Amino acid sequence: MTGLVATGLEYRYPDGRVAVDRVDLEVGPGARIGLTGRNGSGKSTLLLLLAGLVRPAAGTLSLDGAGPAVGGAERSGWRGRVGLVFQDSDDQLLAPTVRDDVEYGPRNLGLPADVVAERVDRVLALLEIADLAPRPIHALSLGQRRRVAIAGVLAMEPKVLLLDEPTAGLDPLGTAALLECLDRLHRAGTAIVLATLDLELALRWSDRLIVLDEGRVVEAGPPDVVLSSAHCARLMGRGPAILAVGRQLRAAGVLPSGENLPRDLDQLLFWLPEPPKREPRVLTLR
Amino acid sequence: MLDVDSVAHSGGWQRFHAAEKACFGLGCLGVALLAPAPGGGLVVAVAVLLLITIGPARVAPRLLLRLGLPALGSVAVSAIVVLVDWGAGPPSAAGSRVEAAAALTGRSTGAVACLLFLGTTIPIGQWAAGSRAVGIPDPIVEVGLAIHRTIVVGAGLVGSLDRAARARLGYRDARTALRTAGLVGGGLLGRLYDRDVRHDRAVAARRGTGEPPVARIGPPSPVRLSAAVMGVLVVALASWTVVR
Ligand SMILES: Nc1ncnc2c1ncn2[C@@H]1O[C@H](COP(=O)(O)OP(=O)(O)OP(=O)(O)O)[C@@H](O)[C@H]1O
Ligand SMILES: [Mg+2]
């Protein structure tokens, strides 16, 4: 079995709270999986489990058929191949300056200095933070620290990339740059799991969306289907406006019934009738 | 939050007054130290540990073991030091030393169990309020709270820094581990200070005094206080009779 496979994953915190409850998950090569659910539903804990950073109480994990070695996920190289961007960048940044921190992982991989330098320059440019390289971490803004944290993980070039709310605190162009960067990784075959509370992002970006509640997977499937489900609406509210508009267009016969619902603004605009030049017609949405 | 605090905060002992718990815990501590060793201390240990694991807190035995392990480790080391004659000749264990080491082990194990009881049942806020109530001067209580907070924040920071380092293969070999230890250690002090400043700001913004909140509970109940005393007496009786 290729890709990251989890079966029956379970985790409880020391106080006995079950944070992840019998989760099965398959992340094939190049997959784009969105993960959402209310605050406290277990997203971050699940990502920690997948990254091999906490040990599951039950269940198994494997990557391309091999599990993390018992007692030493590190030795088996699991963590070199599965990267995690933490929800709180402050938890992740270790080194005194930006460049030191981004170098940290690649250096630990034992790469030669010139390869490290080349990778660092590349990811710094990718996240548009090359100018921050010499700055001390503690003097950065929230969004800048987030970008450094992402860069530090990208520099390790993991096969599976896990991101915990990576767009929280990023400005709109920062978010766009990050998504572009994820697209590039996706095309290069990196599997990506992205936890987010931004349902528009989940709809637009993911190929498959998983909804967690109380540690369990309660919905999984194509994002437009999942986000249209009553169960998801109960947990997460009405969902992206684009979906609602798309459903209206379908009901009005504008969107052929075989067509998928539009997932971003461009797709939506494509189906919207061109407004007549002179007298603007108002499209009534109930 | 430290594991021991989180157990104290989430456990079923919350609804009891600190005085009741302290009465039982400290009483048993006295028994552990005074009862004939080593049996007495071991009886106390068993009784108290049973109470923690199957009593209202229901602390998982494995967690309890983890909490107690450092203390038990130092008990073991001390016992070995007492047991072995480190004099001029080759190290040896004489008969009287075996007895002394056993006594030490019994008493200390009982005492550790009592401290675990106090730690896992009385949250830090109740400690502070209780200490004030029995007349311990404010500055001492405040220093204690500050130390506690620093330990809590520091432990949390070390935990998250360590996890972050593991995520990026920080302990792959001796060289990277050394570098990581340096980064974690070096980062810790600055961050502790940083967090403290931010915490103070946040506390001030909410007009707090820095004291952890205490769950509001009534005065100690005479009935439960008597029950605690009875409990101590039962444990004491058991300790003294088992040894005979
Ligand atoms: N250190 C901890 N100790 C005890 N319980 C914890 C701890 N961390 C998280 N939890 C609990 O585990 C559950 C899952 O937490 P988790 O952080 O995985 O949620 P999440 O889905 O990432 O939430 P959010 O959207 O707020 O980031 C929650 O109920 C939380 O209270
Ligand atoms: Mg989270």
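The values are calculated or read from the model by the stated rules, or taken from the named source; none is laboratory data. Since the structure is predicted, the reported quantities are computational estimates derived from the model, not experimental observations. We place every Cβ from the backbone using ideal geometry, glycine too, and count neighbours over all the protein chains shown. Surface accessibility is based on the protein's heavy atoms, side chains included, excluding ligands, DNA and RNA. Shrake-Rupley method; radii C 1.70, N 1.55, O 1.52, S 1.80 Å.
Taking chain A as a Gaussian network, where each spring joins two C-alpha atoms under 10 Å apart, which residue of A:LEU140, A:LEU35, A:LEU49 fluctuates the most?
Answer for the Gaussian network model of chain A: A:LEU140.
Other chains near A:105-111: what is the mean number of their Cβ atoms within 10 Å of each residue's Cβ?
Values: counts 5, 2, 7, 12, 4, 5, 0.
Mean shielding count: 5.
Just counting partner chain Cβ atoms within 10 Å, what average do the residues of peptide A:89-100 show around their Cβ? Please report the intermediate quantities before stating the final value.
Numbers: counts 1, 7, 8, 7, 4, 13, 5, 4, 0, 0, 0, 1.
Partner-chain Cβ atoms within 10 Å, mean over residues of A:89-100: 4.
For the range A:11-95, give the percent of accessible area contributed by carbon and sulfur heavy atoms, probe 1.4 Å, rounded to a whole number. Mind dumping the intermediate values first?
Details: 1540 of 3390 Å².
Carbon and sulfur together cover 46 percent of it.
Quick one: check the C-alpha center-to-center distance for the range A:154-181 versus the range B:71-114, whole angstrom.
Spelled out, the Cα-based centre of one part sits 57 Å from the other.
Could you run the Debye sum over the Cα atoms of chain B, one equal point scatterer each and no solvent, and tell me log10 of I(q)/I(0) at q = 0.14 Å⁻¹, two decimals?
-1.07
How much space per residue, in cubic angstrom, does the convex hull of the C-alpha atoms of the range B:137-205 take up? Before the final figure, lay out the partial values.
Details: hull volume 5.7 nm³, N = 69.
Spread over its residues, the Cα hull of the range B:137-205 gives 83 Å³ apiece.
For A:ASP64 and A:ALA139 in the same chain, what is the full-extension length gain: residue separation times 0.36 nm, less their Cα-Cα distance, in nm? Intermediate results must be reported in sequence, preceding the final value.
Working: separation 75, 0.36 × 75 = 27.00 nm, distance 4.05 nm.
Once the chain is fully extended between A:ASP64 and A:ALA139, it gains 22.9 nm.
Can you work out the base-10 log of I(q)/I(0) for the range A:98-190 at q = 0.12, 0.18 1/Å, using the Debye formula on its C-alpha atoms alone?
With no solvent term, the Cα-only Debye profile gives -0.34, -0.78.
What residues of the range B:140-169 lose no less than 10 Å² of accessible area with every protein chain in place versus their chain by itself (probe 1.4 Å, heavy atoms only)?
Listed by number, the residues meeting the 10 Å² cut-off are B:SER160, B:LEU161, B:ARG163, B:ALA164, B:ALA165, B:ARG166, B:ALA167, B:ARG168, B:LEU169.
Per residue, what accessible area does the protein assembly as shown have, given a 1.4 Å probe and all protein chains present, in Å²? Let's see the in-between values first.
Numbers: 26760 Å² over 530 residues.
For the protein assembly as shown, the per-residue accessible area is 50 Å².
How big is Rg to Rh over the protein assembly as shown, alpha-carbon atoms, Rh as the Kirkwood inverse-mean-distance radius?
Numbers: Rg = 29.0 Å, Rh = 27.2 Å.
Using Cα coordinates only, the ratio equals 1.07.
Which value in Å is the Kirkwood Rh of the range B:20-120 over different Cα pairs? Walk me through the intermediate numbers first.
Working: mean 1/r = 0.0705 Å⁻¹.
One over the average 1/r among Cα pairs gives 14.2 Å for the range B:20-120.
On the first, second and third principal axes, largest extent first, how far apart are the outermost C-alpha atoms of chain A in Å?
Result, largest extent first: 65, 45, 34 Å.
Using 7 Å Cα-to-Cβ label points, what is the B:VAL229/B:LEU189 separation (nm, one decimal)?
5.1 nm
Quick one, what does Rg over Rh come out to for the range A:184-239 if you take C-alpha atoms and the Kirkwood Rh?
Values: Rg = 11.8 Å, Rh = 11.9 Å.
Result for the range A:184-239 is an Rg/Rh of 0.99.
Could you report the buried accessible area between B and A, both sides summed, computed with a 1.4 Å probe and given in Å² to the nearest 100? Could the numbers behind the result be given before it?
Working: alone 14560 and 14600 Å², together 26760 Å².
When B and A are taken together, about 2400 Å² of accessible area is lost.
When the helices in the protein assembly as shown are scored as -39500 (n - 2.57) per DSSP H run of 4 or longer and the sum is shared across all residues, what 222 nm value do you end up with, to the nearest 500 deg cm²/dmol? Could you put the intermediate results ahead of the total?
On the way: 21 runs with 293 residues, N = 530.
Mean residue ellipticity, 222 nm, calculated: -18000 deg cm²/dmol.
What percentage of the solvent-accessible surface of chain B, computed with a 1.4 Å probe over protein heavy atoms, is contributed by carbon and sulfur atoms? Could you put the intermediate results ahead of the total?
Numbers: 9230 of 13330 Å².
Carbon and sulfur: 69 percent of the exposed surface of chain B.
How far, in nm, would the chain grow between A:ALA230 and A:ARG38 when pulled straight, counting 0.36 nm per residue and subtracting the alpha carbon separation?
Numbers: separation 192, 0.36 × 192 = 69.12 nm, distance 1.50 nm.
Fully extending the segment from A:ALA230 to A:ARG38 adds 67.6 nm.
Between A:VAL115 and A:ALA57, what is 0.36 nm times their sequence separation minus the Cα-Cα distance? Round to one decimal in nm. Could you put the intermediate results ahead of the total?
Numbers: separation 58, 0.36 × 58 = 20.88 nm, distance 3.85 nm.
Between A:VAL115 and A:ALA57, full extension yields 17.0 nm more.
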